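Okay, structure first, notes after.
The values are calculated or read from the model by the stated rules, or taken from the named source; none is laboratory data. Note that the structure is a prediction, hence the values are computed from the model and not measured. Positions of Cβ are generated from backbone atoms using ideal geometry, with glycine treated the same way; all protein chains shown enter the neighbour counts. All accessible areas refer to the heavy atoms of the entire protein, side chains included, with ligands and DNA or RNA removed. Shrake-Rupley method; radii C 1.70, N 1.55, O 1.52, S 1.80 Å.
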Amino acid sequence: QVQLVESGGGLVQPGGSLTVSCAASGSFFTIWSMAWYRQAPGKQRELVATITRGGSAVYADSVKGRFTISRDNRKNTADLQMNSLRPEDTAVYYCNTRINSYDYWGQGTQVTVSS
């Protein structure tokens, strides 16, 4: 069993910055990839960024140059630093990892970008 817990969401003004964090715990040997997804009201969940154990990252086109994903393999954590936030970034942000072909999700953390 794997648990993912997100933290760090909140309200931020357009152009501002926010970092959301994910901590994994439970019974596993190695977490290979970790990812952040988001889901806005009325929209499908979409991939924001992924990062491998070695630190290689891939970003959605909509966040390239503004968001940075990072991880700490010893602590089994993954952060998503979000800069130059826009109202369209408003969503619930979910942490994800896949272990033994099973997807694990956190409960989500709300990020609201509004003046």
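Can you tell which of I69, I31 is part of a loop (DSSP other than H, G, I, E, B), β-branched (V, I, T) and under 19 Å from E6 (Cβ atoms)?
Values: I69 fails: part of a loop (DSSP other than H, G, I, E, B).
Within the list I69, I31, the selection yields I31.
Is there any pair linking a residue in the range 6-27 that is without any contact (Cβ under 8 Å) to a residue 40 or more places away in the chain to one that is open to solvent by less than 20 Å² (accessible area, probe 1.4 Å) and hydroxyl-bearing (S, T, Y), with Cβ under 6 Å and at least six apart or on different chains, and which?
No pair meets every condition.
When you scan the range 32-48, do you find a residue that is of a type in the set (F, W, Y) and over 19 Å from V92 (Cα atoms), even just one?
Yes.
When you go through (1) in contact with a Phe, Trp or Tyr (Cβ under 6 Å, 6 or more places away or on another chain); (2) open to solvent by 50 Å² or more (accessible area, probe 1.4 Å) one by one for D79, which number turns out not to apply?
All conditions are met except number (1).
Could you please tell me which pairs satisfy a Cβ distance under 8 Å, a separation of 6+ or placement on different chains, a first residue in the range 38-65 that is without any contact (Cβ under 8 Å) to a residue 40 or more places away in the chain and open to solvent by 60 Å² or more (accessible area, probe 1.4 Å), and a second residue that is among the polar types (S, T, N, Q) and assigned to a loop (DSSP other than H, G, I, E, B)?
R53/T30; R53/S33; R53/N73
Of the conditions (1) of a type outside the set (K, R); (2) surrounded by 17 or more Cβ atoms within 10 Å (Cβ to Cβ); (3) in contact with a helix residue (DSSP H, G or I) (Cβ under 7 Å, 6 or more places away or on another chain), P14 satisfies every one except a single condition; which number is it?
(2)
Looking at this structure, is S62 in contact with a helix residue (DSSP H, G or I) (Cβ under 7 Å, 6 or more places away or on another chain) and either of a type in the set (K, R) or over 17 Å from Q1 (Cα atoms) (or both)?
For S62, the condition - in contact with a helix residue (DSSP H, G or I) (Cβ under 7 Å, 6 or more places away or on another chain) and either of a type in the set (K, R) or over 17 Å from Q1 (Cα atoms) (or both) - is not met.
Just one of L11, L85, L80 is assigned to a strand (DSSP E or B) and farther than 29 Å from Q1 by Cβ; which is it?
L11
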